[in-house]
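What follows is one structure encoded as structure tokens, with my remarks underneath.
Rule-based calculations on the coordinates, nothing more; no lab input. Nothing here was measured: the structure is a model prediction, and the numbers come from that model. Positions of Cβ are backbone-derived with ideal geometry, glycine not excepted, and every protein chain shown enters the neighbour counts.
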């Protein structure tokens with residue numbers, strides 16, 4: 001099936017409905033969704049060569065920074081959340097972090113904590129910030145402009161300083177959710193995969209900086225060391241489809257970085273494959289896949305489908321790099337077992353592509369994130385691939 005026309009339609013509808021085009025609608029920005037959307041626009045540019053799509057990605061980046069890098073309209077505070085002046089803030093739009101983009105303002109210090117309501121309140125999520133770092137890094141890889149990777153680096157520094165803290169025991173930990181200005185935690189628990197996302201994304205940013213400039217200066221070295229320490233001894237296994245998809249995507253990013261920069265974290269790579277396989281074996285027996293639409297969340301299932309698209313890409317990389325992956329390498333066995341689950345990606349896509357699904361409550365309540373992640377699953381290269389592109393948007397020659 002040629003999915004390109006469908007992806008173009010989905011992303012055009014997203015542009016119009018969220019105020020990214022000239023439709024006249026006020027902008028509606030949400031950091032997680034917009035990160036995937038940037039990658040989708042870059043993939044459409046790569047596949048079509050139509051400059052319209054890359055200009056749209058650039059426009060989206062500007063909108064996200066100007067809206068989510070600043071205080072809310074219903075907040076007494078104004079300007080950039082970094083507290084920089086207008087001109088300096090525009091030059092460094094990510095240096096104070098970026099808001100989630102939730103409908104409700106963040107919880108006041110005098111308000112009681114309500115777990116259900118907290119999901120609808122603004123603030124900063126670390127795992128959303130790493131998604132935006134990835135999107136900015138992909139912008140540099142597509143355009144060749146290092147500025148986007150500089151912004152990703154500055155965002156990494158701000159996020160790390162805000163979310164990573166040291167316990168009295170001397171151990172490092174992370175917060176799940178921070179206030180808009182990163183002054184204090186809103187949810188002090190640590191996300192299961194946050195250290196993993198941080199480690200791989202920091203390495204990705206550093207790799208791009210070195211590749212473009214040839215520098216050997218320090219880029220996120222101390223932050224990477226912190227994340228390595230936080231990742232030690234962690235259990236990555238999850239039964240959450242979105243989490244499993246994230247593990248597979250992270251494994252593929254790590255593989256690409258290792259092939260290009262030299263193998264580091266080899267044990268971590270195998271651990272991600274093993275953890276994803278454990279989770280997939282569990283959900284294959286889960287009655288979730290037989291439930292009606294209103295009991296399922298499309299974006300979580302589509303996150304799994306996106307990750308499953310990385311499995312064949314990992315197999316292809318192994319076959320093209322036999323010196324790094326000889327026949328007796330453990331990854332061959334794990335990838336072979338993961339391949340049995342790959343057809344689930346098409347099952348998920350077909351289910352949510354049926355026209356009647358678009359009328360279900362769980363689809364309409366999360367229309368933006370559902371549709372954008374469906375487009376990513378149908379055309380995953382912009383999100384999954386880390387190769388530097390030339391100025392025409394063609395894929396580079398990384399291993």
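Here are the numbers for the structure shown:
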read-out	value
Percentage relative contact order, the range 108-185, counting C-alpha pairs under 8 Å, at least six apart	30
Three principal axis lengths of the range 235-394 [C-alpha, angstrom, descending]	50, 42, 23
Nearest-0.05 FRET efficiency for residue 12 and residue 387, computed from C-beta distance (R0 35 Å)	0.85
Length added when fully stretched, residue 173-residue 105, from 0.36 nm per residue minus Cα-Cα	21.9 nm
Potential extension, residue 232-residue 77 segment - 0.36 nm per residue separation minus Cα distance	51.8 nm
Order of 340, 285 under a 10 Å beta carbon neighbour criterion, fewest first	285, 340
Sequence ranges 112-120, 53-61, ranked by mean other-Cβ count within 10 angstrom, highest first	53-61, 112-120
Rounded D (µm²/s) - the range 52-93, Kirkwood Rh over Cα pairs, Stokes-Einstein at 20 °C, 1.002 mPa s	195
Inter-label distance, nm, simple model (7 Å from Cα along the C-beta direction), residue 281/residue 55	5.3
Ratio Rg/Rh [Cα only; Rh per Kirkwood] for the range 208-313	1.07
Taking the C-alpha atoms of the range 309-387, convex hull volume expressed per residue in Å³	100
Ordering of 326-338, 373-385 by packing [mean C-beta count within 10 Å, highest first]	373-385, 326-338
Förster radius 25 Å - calculated FRET efficiency between residue 22 and residue 364, Cβ distance, rounded to 0.05	0.50
Cα-based Kirkwood hydrodynamic radius, the range 256-314, one decimal, Å	13.6
Rounded Å value of the spacing that divides the Cα centres of the range 272-291 and the range 292-340	13
Cα→Cβ-extended label distance, 7 Å offset, between residue 189 and residue 329, nm	3.7
Kirkwood hydrodynamic radius over Cα pairs of the chain, then Stokes diffusion coefficient at 20 °C and 1.002 mPa s, in µm²/s	99
The chain, relative contact order in percent, only Cα pairs under 8 angstrom and at least six apart counted	18
Computed E for residue 117/residue 337 - FRET, C-beta separation, R0 30 angstrom, nearest 0.05	0.10
Length released on extending from residue 221 to residue 356, taking residue separation times 0.36 nm less the Cα-Cα span	43.6 nm
